[in-house]
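S.K.: Structure below; questions to follow.
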Amino acid sequence: MTNKIFPCILGLGYVGLPVFTRLNKKYKTIGFDTNRLRINSLKKKLDINKEVQNSDLKLLNDSNITSNETNIKNCNFYIITVPTPLKNKKIPDLSQLEKAYQIISKYLKKNDIIVVESTVYPGATKELATKIFEKKKKLKSNKDFYLAYSPERINPGDKKHQIHNTQKILAVETKNKLIKKKILDVYKIITKKIKISDSIAEAETAKVIENIQRDLNIALMNDIFIFCKKMNLDFKKILNLASTKWNFLKFDAGLVGGHCLPVDPYYLSFIAKKNRITLDTVLAGRIVNNKLKNFIYNEIKKIIISYEKKYKKNYRVLISGITYKKNVADIRNSYALEIYMKLKKDFKSVFAYDKYCNKYNQKKYKVMNKLKSMSKYDLIVFLVDHNYNKKLFNSIKTKKIKYYDPFRYYL
Ligand SMILES: NC(=O)c1ccc[n+]([C@@H]2O[C@H](COP(=O)([O-])OP(=O)(O)OC[C@H]3O[C@@H](n4cnc5c(N)ncnc54)[C@H](O)[C@@H]3O)[C@@H](O)[C@H]2O)c1
């Protein structure tokens, strides 16, 4: 068995690119992504997600980034970080993960290691391995190849909790000490803090419940937020009062989007249903968080209608910030974007501005990158607390332009 580790990262997105930049410092590493545009921009040292510094995109140790799969053929340590979204009926879409397994299966050699980092439902990592490697290729797990699971905890836009200083779960089931050591050696390059697990299914479950817990906690606050609005009570003041109790958890209200929280509860509920297990709370957060989106949309709609009725002219509305959360470029499942698109369809003069959104999405959704003049807008809406919005908020206050800041980010 060769001791030389030759890693390949499949999927160079929010999760995969930071993993690649860590490993590339130590090993000759292949970064493989099926999206040619992504590879082309990374080759120009540009991460349109704005999560990795251009200087970190320097290729070291003869590493390579590529969309040509034959370049991975000599690798022996595969890390899969491809998307695991939902299909239309809110059921898991594992097609990209399956494709990654299929690509690896063409080049898999004896004793190769595969680590899955994508979020999946409990059992999925091994289920796909059985289907692709064992049944089709007649290779035996823990004998011909080794499988591990290490869910990702990166938090886009968060400069404090980064990949190298965040504890990571690493589930390894093999008893083979040499293989275990190899996996650990590689993961020690990614982060110094590792929590070892001996069960892939337990690590898969831990990952989804981390996000489900957060989704539910925010949902509870969103429910109370809507209640307060309808009862004419001050939600922020109530939150401050309640948080003086030692065991009150200070979650805030807000729009919940992204690739994780709106997705992961459905992954767990899918496998629970398949096993005829009832989960009473897991999807409750999704219902409330969706309700908040409609509530906010209706609030803005009411403001526009009442103005247009009174003044018989178009009300010019600017939504400042359309990505799914503060200081990130990601627009996946962004409720701010959905609200903007719906308002734009329903009214004549609705505009958006977001410096974080990448240029492709700015073009696709007609989002401005620069704001020339604020005074041509009648109302400025803040649904995302991007840092730059604070400055904008301060200046519209002095200019006496109306604003709508439902979550009181700037008050
Ligand atoms: N974004 C996050 O904050 C975050 C956090 C924790 C976990 N996750 C999980 O990590 C996984 C990846 O998410 P992401 O946000 O990095 O997605 P992403 O869309 O940013 O990146 C995934 C990349 O994989 C590529 N890809 C798709 N199929 C491929 C294949 N067969 N071979 C090679 N490349 C392929 C895509 O072109 C894309 O560039 C998901 O399961 C997600 O749930 C994401």
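S.K.: Any residue at all in segment 146-164 that's assigned to a helix (DSSP H, G or I) and within 16 Å of the ligand (Cβ to nearest atom)?
M.R.: Yes, segment 146-164 has at least one match.
S.K.: Now a separate question. Go through segment 67-87 and give me each residue that's outside any loop (DSSP other than H, G, I, E, B) and either free of Cβ contacts under 8 Å to residues at least 12 places away in the same chain or touching a Phe, Trp or Tyr at 6+ places or on another chain (Cβ under 6 Å) (or both).
M.R.: Result: Thr70, Ile72, Leu86.
S.K.: If the requirement is being out of contact with any helix residue (DSSP H, G or I) (no Cβ under 8 Å at 6 or more places or on another chain) and either of a type outside the set (Val, Ile, Thr) or farther than 21 Å from Asn222 by Cα (or both), which of these qualifies: Lys370, Lys342, Lys293?
M.R.: On inspection, the qualifying residue turns out to be Lys370.
S.K.: What helices (runs of 4 or more DSSP H), lying completely within segment 320-411, carry at least 3 residues that are surrounded by 23 or more Cβ atoms within 10 Å (Cβ to Cβ)?
M.R.: 335-346
S.K.: Determine whether segment 143-150 contains at least one residue that is free of Cβ contacts under 8 Å to residues at least 60 places away in the same chain, among the acidic types (Asp, Glu) and surrounded by fewer than 16 Cβ atoms within 10 Å (Cβ to Cβ).
M.R.: No: zero hits.
Each reported figure results from applying straightforward, stated rules to the coordinates on display, with no laboratory input. Computed from a predicted model, the values in this text were never measured in an experiment. Using ideal geometry, Cβ is built from the backbone for each residue, glycine included, and neighbour counts are taken over all protein chains shown.
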